[in-house]
Each structure stands twice: as C-alpha cells, then as structure tokens.
1. Going by average Cβ neighbours within 10 Å, how do the peptides D:254-263, B:393-402, C:22-31 rank, with the highest at the top?
2. Which ³J(HN,Hα) values in Hz, rounded to whole numbers, follow from the phi angles of region C:15-28 under the Karplus curve 6.51 cos²θ - 1.76 cosθ + 1.60, where θ = phi - 60° and Gly and Pro get x?
3. Among D:VAL394, D:GLY331, D:LEU369, whose Cα sits farthest toward the positive end of the charge dipole of chain D (+1 at Cβ of Lys/Arg, -1 at Cβ of Asp/Glu, about the Cα centre)?
4. Using alpha carbon centroids, what distance separates region D:218-295 and region D:62-128, in Å?
5. Which lysines have a Cα less than 28 Å from the Cα of D:LYS69, not counting those fewer than 8 places away in the same chain?
6. Short version: ³J(HN,Hα) in whole Hz for each residue of region D:158-172, in order, from phi by Karplus 6.51 cos²θ - 1.76 cosθ + 1.60 (θ = phi - 60°), x for Gly and Pro, what are they?
7. Place a +1 charge on the Cβ of each Lys and Arg in the protein assembly as shown and a -1 charge on the Cβ of each Asp and Glu, then give the dipole magnitude about the Cα centre in debye, rounded to the nearest 20.
8. State the Cα centre-to-centre distance between region D:152-193 and region B:219-285 in whole Å.
Amino acid sequence: MSPLHLCLALSAALFCTGLVAVLIRGNAILVLLGVELMLNAANLNFLAFWRFGPGGGEAGLVFVLFSIAVAAAEAAVGMALVIAVHRHLRSIRIADANRLKG
Amino acid sequence: MILAVAPASPADAWLERAPLLLRDALTGWLPDALRPWVSALLSIAVILGVFGLLFAYMTLAERKLLGRMQNRPGPNRTGPFGLLQPFADAIKALTKEDIVPRAADRVLHFLAPVVLVALSLLGLAVIPFGRNLVAVELEAAVLYFFAAGAATELSIFMAGWASRNKYSLLAAMRALAQLISYEVPLLLSVVPVVVVAGSLSTTGIVAAQGGWAAGIWPHWHALTPWGFSAFAVFMIAALAESNRSPFDLPEAESELIAGHLTEYSGFKYALFFMAEYLGMAALSAMAVTLFLGGWQAPLGLLEFVPSYAWFGVKLLLLLLGFIWIRATFPRLRIDQLTRLSWKFLVPLALVNLLNGGFWAATADWSGPAAAVRWLVSALLVVVPFVALARSLAAGYGPRTYRYAPS
Amino acid sequence: MTTLLAVLALICLAPAVAAVLVRNLIHSALLFVLAWLGLAAFYLALGAEFVAFAQALVYVGGVSMVALFAVLLTRPGRTDLLPPPSAARAVGGLAAVSLVASMLASSLFWSRLPSMEPTAPIPLRRLGELLAGPYLVAVLLVGLILTVALIGGLLLAAPRRPAEGADA
Amino acid sequence: MMLPDPAATGLARVRKIEGDALGLRTPAFAPTEGAGDLLEVSLGPHHPSTHGVFRMDVVLDGERIVRLKPVFGYLHRNHEKLGEATSYLGSMPYTDRLDYLNSMTNNWAYALAVEKLAGIPVTERAEYVRVVLAELSRLLNHTCLAGFLMQDCGCSGTPLMYAFREREKILDLFESLSGSRMMCNVQRFGGCRVDPSAEWLAATRRLVDGYGAFLDEFEALLSGNEIVMARTQGVGRLPAALAVNAGITGPMLRASGVGHDLRKVDGYGVYPRFNFRVPIGRDGDVYDRYMVRMLEMRESIAILDQALRDLPGGPILDPKAKQRGLRPKAGEAYGRIEGPKGEIGFFLVSDGTGNPTRYRVRAPSFVNLTVLEDLCLGHTVADAVIILGSIDIVLGEVDR
C-alpha cells in the first residue's frame, strides 16, 4: 500500500468511526466529538493530497489550518448549545431534544 | 613562549564548548548511522538528570526558604544543612502504601500522574539551555512547547475525576476553568515576541535578543515596554498554569483539603509533586528564552561565563520568585481567578499584540525617533494597565474605621 | 515511511474506535483526545509540523477541555450513558459498516490516483507569507468567526439568572 | 447529652422566623434554573479549615452554596452538668477548657459570677492584674485569629507563623506566672491565685511596648493586600439588625456597626478607669471583622499600658475570702465580661449547698455561630471557609 492510499484509508476509517459515534450514541457531547472526528478525517485528506497528490498543493496545508480554527469555533458553540439544551430539558440525549420549542 | 590569547569569540571558549566536546567524545567512536540516535538519548538523559536534581533541590530550597521567611529553620536534620532531605523524601514516598479508593476509576487514577510527568518533561526538549545546547531543533518550537503543555491540566482533571471524591471533583472543575482561562493570555503574551523576533524557533528568538544598545542595555525583550508587559502577563499566566500560589485553586488545602491530590499517596503523590516542579521549571525556562535573552550574558564583559551558566542563573532567579510569591500571597477565589484572566490579562495581552506589531514595524527608527518609539510603546502599556486595573479593583479598597461614641 | 504511517494510523484509529464503544462518557472523551493526539503524530510524520502542533494545541488544549467541561456541567450521574435503543444501534451500525466498506473500496481499489513522490514540506516562513498574503482575507474571516463563536457561546451558555447583581 | 442540631430545634427556628419577619434573613440562594445536579459536600469534621471538629453540610450548585447546615457536638463533654456536680472552686480549672485559647477571660467571667453570688469583694491589685491578663489574652486571641484567617484565605503559613511567634511570647508570660501555658487557672474568688513579680511585670511591659511594631508589620503584609481585600470585602455580610436579633456579641457585632462593648456598657472591674476606644465597622463583612480585631488590639495595648503604669500594691487575694467549701446563700447570679470572642457569661443558681444547682455558660462562639448559614448562602466554598474563620470559634466552647 502506498502512503497516499494509507492516508486515504485511515481518513475513511476515521470518518466512519465519527459517523458511527453520531449515529449510535445518543449523547449530544459524543455526537459533537464524532463530528469533530469527521472533520479531522477530512483534514487528513487535504494533507494527504498536499503531500502525495499531484503538485501545487500548498492550499491543502493552509486549508487544514483554517479547518482546525473553525473546528475550535464549532466545538465552543456546540458545547454551549449542549449546556443550554441541558438547562432546558435536563437531558443531553439527542432524542429528547427533538422540538424547536423550548 | 606562548601568550595566553583570549579566544576570538566567546563561542570558542573551552568551557563554552565543553558540553559539545563531551558529547562528541562519547559518541565519536560510533558509526555514523547510530550517532544522532545516541546523542539524542544522551541529551534526554542529561535533561532528565539535571532537571531531576533540580526538582529534588527545588523542593528543599522551597522548604528552606519558606521556613526562613516564616521564622523557622526548615528541614535541617537529614545530612548537612538538610541536604539529603530530598532523598529521604524519595525513599519515604517509594515505600509508602499506595492507596486507591475502592470506587475510584483505577486506570485513570494511575494514568493521571504518569501522563502529567511525561507531558511536563516534553516541553524541555526545545529549550536552548546554552549556545548550541538544544535537544531538538524545531522550526515551530514555541508552538510545540505550548502544544505539549496544553494537556497538563487534562491530567489534573483525570486525577480529580478518577478519585471519586467530591473535593477532587471540585478540583477537577476548577482545573478546567483555570486552564481554559489562562491558556489564552499565556499564548497571547508570546505572540508579540514571535512577531518581533520573526521566528517561531526558540534558538531564533534567543538569537534575536543578542547584542546591546549603547553597549550596556541588552536587547532582551523584557527590557522593552511591550516585552515587559508581555513578560508580566506570561509569568502570571505561568503561575496559574503550574498551579502555584496564589493560583493553587485545584489543590487549595484550606478549602478542598488537597483537591485532586486528596486520594493520592506514596509514589503517585510524589509524581504529582515532581510534575509541578518540572512544569514550573519548563515554563520558567521558556520565559527566560522568550523574554530574558535565553543564554545571553547581560553584559559584553561577562561573556566569558559560559552561556549555560547564564541560563541556569536566570532560571533559578525565576524559580526563587515563584517561591517568594508563594510565601507572600493569599489565594484568589475561582471567580476572581477567571475574572483576572478575562478582564485583565487577556485585554492587556491583546493591546500588547498591537504594541509588538508597532515595535516590529518601527525597528529602523533611530535617534530621536527611537525615543518616540519607546514613548509610544510605554504609553501603550501604561494606559491600558491603569484603566484595566482600575476596573478590576472597583468595589474594594482600604477602609477607614470609626470608633463608638463613648 | 509506510510502516511508520501504518503504525501511527493504528495508534490513531484504535482509540477512536474504542471511544465509540465504551460506555463511560469521560473515558470516551479522553479516548477521543488520544485519537487526536495520534492524528497529530500522523501529521508530524507527514511532514506537516505546524499543522500537527496546531492540532495538538487546539484539540487537546481547547476542544477536549470544552467537551470535558460540558460533561461536568451536564452531569447526569457519575457514569453516564444508558445504552441507546438496540434497533437504532443496529441500524446505525449497519449503515456505518456499509459506508466503511464502500468508502474503503472506492478509495483503495477503484482509485485511479497514482501515488506521487512526496512534495517537500513547506518552510514555516513560506507558510506565514501565504497566510499574510493570498489568504489574508480568509485569516481575517476565521478570526471573525472565532470571535462570533466566542460571544455566541457565552450568550448560549450564560445562565439566565434572576437579575440580582450578585458578583458573577 | 448531645446538643441537638440547631436547625431542628426551636432555638434556631425562632430566631430565623423573627429574622424573616423583619426581612433580614439572607434569601436562600436560588440555584440557577435547570443547572446541573446539586452537589452535597460534607465539609468536616476532619476538614483542615474547620478549626477543630466541626462539620458543615453544604449543598453546592457548582461552587455556590445553596444550603448549609452546621453540625457540631463532636467535642461535647458535659461541661455544664459537671459544673453542677462540682464545688464552686472545683469548676474553675474546668472553665479553662471552654475556650482553650482564653483561659484567663473564662476564669474571670466565672469568678465574677461567683463573687456576685456570694458577695465577695475583689482586691484592688487583683482587679488590675485581671485587666492585664484579660487584655493579654485578647491580644493572643486576635493575633491567632488573624493568622488563622489568613491561612484560610490561602496564605501558605507566613501570617500564621508570624502570629504564632507573638503568641508564644504571651504564652511564655502566662507560663511563668501560672505554671501552665494554656490552662492557667489563675483566678480565685476575690482575687488571683498568684501575684505577678516585678520581673514578670517588666517582661510584660517589654512585650506590650513591642507589640505595636508587630501589628504594623502584620498589617503592612496583609491589611492593604489586594488579594486579601478582594477575598474578604463584601463577603459574609452581617447586617446590624440581624446581628442584634441573633444575639451576636463581641468583635463580630462591632464589625456590623454596633458599638456594644461590655467593658464600656457594664464597666466591670476597673475598666472605667482606663481610656480606650471601641472600633466599629460599617459593612459587617469578613474584612471588617478582621480590621475591627486589628484595631481592638491597638486599644488593648493602650489599656495594658495604663494598667501596668497604675498597678497598685497590696494583697492580690484577701486571705479571708473563702475558696474551698464555699456555700453561697440561695439565689442566682449572672456574671459576664467582654471576652475576646464576645460576651462570655456564667449563670449560677445556688441552693445554699457547696455545688450550684444550675450552672450555665453563655458561650460567645456558640451564639455567634448561629448565623453561619445566613452569612454563607450564595457564596462559594472558599468564602464559607473564611466566613467561618472570621466568626472566630473554638469548638471547646461551642460544644462544651
């Protein structure tokens, strides 16, 4: 297996792990962490194609930096939402937070 | 007759090169392929040895100094002047029973101190302890240092949570709040240094602080207005990051017994203790590197003293400062702690960012313009400081007292 | 190179999978941290030094802290997690497994991508120039997003206390 | 007999209802709506900051106190019942063990009660010696309190060690006078057991002359310290009306702005002859309680100065005053003095026999402690610790 394919495989596996976390864990915090993992998997693809892809790929590296920054913002807002939801419903199970009305 | 000729440059002095010569002597006979690995192992061993000893004697120095400041002798029974006390302590810690509460999360309870010590050591790899004395030369060394240090409070959280003790749990929450609050000013205070020095590598930052203005005023960052402000913010945040008084909230013994350490005993407790001192030493070493000119001598005349000695002297001075502060100040409350960070240190560091940018942009001003540069930079420090300090201290102050009419 | 990457990939994947499977919420969060650290090491091996340290700093120092804080603030009990309904779990698992299979297959076996020679790592200075030059607008936008997120997070999580002017 | 939990007894409840009627009680701090679970923590009885074996059952919302229940009685030893089974003189050494920091004032209050009951006059010299010993005791108590309070604030030992250095000097004086450092048992009915020598008085004079310098040093380190002020100002506020209503006495009452000092109000002993002032606070918070004590110490120095100057000669104890086998006429008496912690009083009922039929102690630590929950609600754990520290309790006196 070439390094590129290894990276892609890892990325796919991480993405799916994140997806599984989102799908089968009912806990909002874990769902958020799963989303973060999926973001990471995407980052890995960018890096892989920057390093082993067909040239001219500085943009890939830079994009990962932006992605990490945005992920931090996403985590902050997401966790704040979790806390707000928990305050309202006394639960952080996604299944309980299925109404738009508080 | 051979005249004793002073070496052309201090870098060539024999003492200065001694550590490198020693390393070459030890690794020179090895095949080329092995040499980098062995010398890396060697530097790890040296760092472990030096900082291990430093840890041992820091504990003794702390107890002695605290004792002297409090009208008591401190430990003086084990060996001459109590010099063997750290080893007695080590033996005691090793032979004590390791008690784990039945309800504790055993894995995390065990991992917490181990992780903490490991992480505290990681940061030391990129510190230039002297001319050419750095274990790992990294382009993004400063970033590496803070990335390695970011997880220390994580292990305090692990310790607090795994103990299944309510005091420990409170300590874990405090540790997280403290980390989230103080990581920001710590990093922000470093950014102007990176901007001015134009480098993220520690050796580059030290090199940028070489030389003297007018032959006597070292180009250390702490000796400029923006640098002084950044240095102060960095040291306050470093105090908080290493959980030292007056920011020792997670282990506040008068409130939370010992916080996250409540359920630790024996060797694991000693590991926590070790990590505290290693973390303190690592952050102080970083402060020396970033602000106090690293291994540079304060005066050209004094360059005959080897660079690593200068580094050691500066490091020890900062560590003694930590001890002095501990002997003097009471502890803050958790809300005051976070307020100090968000309403004082962070805005100060943000203004300082601007200040650093100004300093970097005006690097070529000279003559009277240089005076203007200093003035503007100083104003950018003093004005926000006064304004912020005033708003922070609003609501309390000295009081005058009346006497009951008789 | 490939061997090193493979080992690191395992170090990164194993905790991630474990994180999804363990019941204990705190363990799960800490395992995620481990996975992110592994990923940072992977980036380092790929030659993306700056990105690796940024990853460690942001995820271990930032995201994980926020997550753990959220866990503590929303503490339902000491050990969280009732298992989700088994039907949902099975469906989710099945969907995920089929996705893994299809993605792995598509990326590995039908991939027409040739593996190129690795390009040289970018020196840090060049990265700085890129960020301050062509990508300056994006950098500023990210800064804006972070500020907005910070304020938004504060507003969302701030307790609605009856106004009593207690010291906050 | 264990002391019942105050929250469950009529005593505490009556006071609280009265407080509520006047709108004085701190409103129970409402936990933030829908926040995480409340955390119940038992602070004590082996907590380092509870000044003995005392427990606070607190319910926390995050770090904020929603409910607080003081639990005590761990040191209960039947003091009052013992007093009823012991002769009048026999109880004297027991009173040492109430507030074991201040055996001098405990002795004096008890002696005063017995002297009232039996109509025993006190010699002139003894009155002065009592003032000297009581004010030394006040210095000792307030110094220790300040040191402990700063330790509770998180100082790592320095103020405490400074305080203990001075305490040792005073204890040395007590030891050379009475033979015991803490359990002095000095007072007798009508005078004192021992007569201070000229050397002892000279040593006391030296101590008094040097004490102002110590206070200056201590205050320079702490009173103006930003962190001390931030920690203590506005914390644990006790309104004057609640303080009066709850029967708070001593420096704690004066810190709330009520200028009530038994040395002025009762004018017992020879206190009316001395020139001194009564410092009062305004906000009644921890800082005021600390500062009022610091200022009181300066007044104590002034009193000591005058007492040592004017100390008359003559006998310290009238040999005709009966000590052993004292059988006062049937009746009752209440003797009270301004102890360092507040009004310490002994209520004695005699039926003409050698033992009192009723022996009751009014312990300032105990009464002052009753407002603890009111002071702590809405504050953090760290605040509860320093609020407790500023109340100044000794468990020997609380539990009796």
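1. Taking the mean over residues of other Cβ atoms within 10 Å, the ranking is D:254-263, C:22-31, B:393-402.
2. x, 4, 5, 4, 4, 6, 8, 6, 7, 6, 4, 5, 4, 4
3. Ranked along the dipole, the leading option is D:GLY331.
4. Centre-to-centre (Cα) distance: 22 Å.
5. B:LYS166, D:LYS16, D:LYS81, D:LYS341
6. Values, residue by residue: 4, x, 4, 5, 4, 5, 5, 4, 6, 4, 4, 4, 5, 5, 4 Hz.
7. Details: 90 positive and 82 negative charges, 392 e Å.
Computed about the Cα centre, the dipole is about 1880 debye.
8. Cα centroid to Cα centroid, the span is 37 Å.
The values are calculated or read from the model by the stated rules, or taken from the named source; none is laboratory data. Note that the structure is predicted; figures quoted are calculated from it, not measured. Neighbour counts are summed over all protein chains in view; Cβ atoms, including those assigned to glycine, are modelled from backbone coordinates with ideal geometry. Heavy atoms of the whole protein, side chains included, go into the accessibility calculation; ligands, DNA and RNA do not. Shrake-Rupley method; radii C 1.70, N 1.55, O 1.52, S 1.80 Å.
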